[in-house]
Amino acid sequence: MNLADAIRAASHGESPLHAVHPVPSILSANPDQEVQPMHTPENHPEPTHPAVNQGNVVRLELFLQPEQMQALFKAIMQGQHSVLTIREAAHYLRMSVNALQRLADEGEVPGVLIDNKWRFPKANLDDWLLLQSNGVDSEEAA
């Protein structure tokens, strides 16, 4: 049973656990390899958290080979930049772009102008946030 079938079954009040079938692994190096279900209806453990009984929880288990796990972490880390644009930095700091622009122009936030565009090293923003939360002025820290 795929995810869409499980959602359909659950929306019709049926238990999706009644039809547990092996599903092809989309992350496997061998597309013909199948993943065996860990639980069948006979040995499926009873849910312990009340939210599970109310249908508010989705549990997803991935069984990955070391190479697959490394590729997953590599893909996640490629999405993490150490230098942020003004929009990314504003989103990270949870403030408007205009407010961050003003702070950067005034030298209040650690940033660098590259080709007339602000760039913010994430590590410097983290340090700046820590200083701000401790009540230390940027000029006092320098």
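Applying 1/(1 + (r/R0)^6) with r as the Cβ-Cβ distance of Lys122 and Gln68 and R0 = 25 angstrom yields a FRET efficiency of 0.35. Compared with the alpha-carbon gap, the fully stretched path from Gln132 to Asp115 is longer by 3.3 nm at 0.36 nm per residue.
No value in this document is a laboratory result; all are computed from the given coordinates. Note that the structure is predicted; figures quoted are calculated from it, not measured. In this analysis, Cβ positions are derived from the backbone assuming ideal geometry, glycine residues included, and neighbour counts consider all displayed protein chains.
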